[in-house]
Each structure stands twice: as C-alpha cells, then as structure tokens.
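Student: Okay, handing you the structure first.
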Amino acid sequence: MITRRLMLAAGVTARFCVPDGHAAVPRSNVPMVVLDPGHGGKDPGAIGVTGTYEKHVALASAQELQRQLNATGKYRVELTRTRDVFIPLPQRVTIAQKHGASLFVSMHADALTDHSVRGASVYTLGDHASDAQTAALAVRENSADRYAGPGFRDAPPDVAKILTSLVRQETRTGSARMAHSVVNNFSRDIRLLQNPQRQAGFAVLKAADIPSVLVEMGFMSNAQDEAALRQADHRVRVAAAMKSAIEAYFAALPNAAG
Ligand SMILES: [Zn+2]
C-alpha cells in the first residue's frame, strides 16, 4: 500500500503506528476495513424522538454492513465494538491501527436541534468546519468521551507528528475520495442531506495514516429518519449503499484489490 511505503520511506516503522507498543497485525493482500459503530454502553448517543438509542442503530447497521462485505469475499472486516460497550474515541482509532486498517468507517445517526433536518451525510476530518451545523455536530460527537469520567485522559501518542505531511495528505485525499463515493452511492437509493459531504474536527477521524469517514445515516432528531432506521430492511439498503461505496473506493485505488 502506498501509505505504508511512504511511511517506511520516512523511517516510520509499523511499531510506531500502534500506540501501545504491540506489534501490528501483518497485512495480507486482502484490505482490512474497520467499521466503528458509534457510542455504546453508558453513552447512548442521540435519543430519537420516540426513544430509539443511536448506539443500537449504529451497531445493527455496522453488523449488517459487515455481513454484506464478508459476503463479497474481498475484504477482511472488523468492528471496533460488537457489543453494547463504551469505547473512548481515541481507543477506536487505536483499534483500527492495530488491525492495520486500510479504511475506517464510523457509523452514526445523530441529532440536531433542528428536527426538520433529515437525510444521510458523510464527514471527513477538516481543520475548519465546513458549516455551523457540522461544527455543532462535531462538538456533540467529540463530547462522547465525557462518559469516560474525570480519570480518563485523551493522551494517545500523537501519531501525526511522526508521519510526513505527504502521508497525511494522501490520507486526506483517500478520505475525501471515500466520502465522495458514499455520496455517489447513497444518491441512488438513500435520501441525502443538502450538501451531504462536509468536514470538521471529528476526534474519531484523526488516524494520520488511515483514510477515515464518519457517516450519519440519518438523524434521530427527525421522526421520519428515526422510523426508517428502526427498520431492518432500511438498514439493509443503507448498508448495501455503503458496501457499494467501499467497493468503488477500493476498485479505484492504484493497486486495486477489486
Ligand atoms: Zn453519533
């Protein structure tokens, strides 16, 4: 993979990609996709207008996407959580790095104060929020770690510092390509927010070496979105669009694995 080659060229060994010092899982030629169901455990995420918890929608959707991706036989797929447990945001990044992820997809269905807003949207890391609504959303998503309690310290080694700006640029380009692919594939079957591709400083997207996107599959604050996301058949359609987006993303890579 190009990113890995650049890291090696920059004198960055795989050892430094894993904050706790364990050896990274060796990569095979089969791309590793890490799916990140948002929230969990004591952090319910957004609570829908009829009481649905975002954490349950996120996990059910990620498990459906994992099933569909596994069925293609083209990817290895891991989830940051497979149960209803709380995982701090930096640890989610660490999990993706331990698995040697080629792509990280965080899955959410959050809430906005404006209950009329509905539709799916996709976010990448940006130094500046693309708009006020996205800035507020990032604050809300990043606040998940308040559940970690006062003893929790957000202090993983700053992987970004040891990587060259070239690697970071490539990661950002990959993230943007993936976000574009999600919007493209959703537009056929899944209702999208206006200007659905946005950016802000999401903490869970800060892996310097892994293209990462955060997908809001809809908003729990909107009655129609919440009702749809409660339905398994709707989640199957959302997962199918995300699977197609992932396939298109990898197919377009220079060393395409199909
Ligand atoms: Zn969320």
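Each value in this text was obtained by applying a stated rule to the coordinates, not by laboratory testing. All values derive from a computational prediction rather than experimental measurement. FYI the Cβ positions are ideal-geometry reconstructions off the backbone, even for glycines, and counts take in every protein chain you see.
Student: Among rounded, prolate and oblate, which fits the stretch 35-105 when a ≥ b ≥ c are the square roots of the eigenvalues of its C-alpha gyration tensor, a/c under 1.5 means rounded, and a/b larger than b/c means prolate?
Tutor: Since a/c reaches 1.5 but b/c is at least a/b, the shape of the stretch 35-105 is classed as oblate.
Student: Moving on to the next point. Tell me whether the stretch 201-258 comes out rounded, prolate or oblate; compute the Cα gyration tensor, take square roots of the eigenvalues as a ≥ b ≥ c, and use a/c under 1.5 as the rounded threshold.
Tutor: Taking the square roots of the gyration eigenvalues as a ≥ b ≥ c, the stretch 201-258 is oblate.
Student: Mind sorting Phe250, Phe202, Phe219 by how few other Cβ atoms lie within 10 Å of their own Cβ, fewest first?
Tutor: Placing the least packed residue first, the sequence is Phe250, Phe202, Phe219.
Student: Can I ask one more? May I ask you to evaluate 6.51 cos²θ - 1.76 cosθ + 1.60, the Karplus curve with θ = phi - 60°, for each residue of the stretch 119-127 and list the ³J(HN,Hα) values in order in whole Hz, giving x for glycine and proline?
Tutor: x, 7, 7, 9, 10, 10, 6, x, 5
Student: On to the next question. Any lysines with Cα under 22 Å of the Lys74 Cα? List them, leaving off those in the same chain fewer than 8 positions away.
Tutor: Lys98, Lys243
Student: Here's another thing I want to ask about it. Aspartates and glutamates near Lys42 by alpha-carbon distance under 19 Å, same-chain residues fewer than 8 away left out - which ones?
Tutor: List returned: Glu54, Asp84, Asp110, Glu141, Asp145, Asp154.
Student: Also, I was wondering about something else. Please list the non-local residues whose amide H lies under 5 Å from the amide H of Val77, H modeled 1.01 Å from N, same-chain partners needing a gap of 5 or more.
Tutor: Amide H neighbours of Val77, under 5 Å, 5+ apart: Val33.
Student: So, in Å, what gap is there between the alpha-carbon centers of the stretch 180-258 and the stretch 45-73?
Tutor: So the two Cα centres are separated by 12 Å.
Student: I've got another one for you. Beyond 16 Å, what share of the Cα-Cα pairs of the stretch 97-145 remains, rounded to the nearest whole percent?
Tutor: 50
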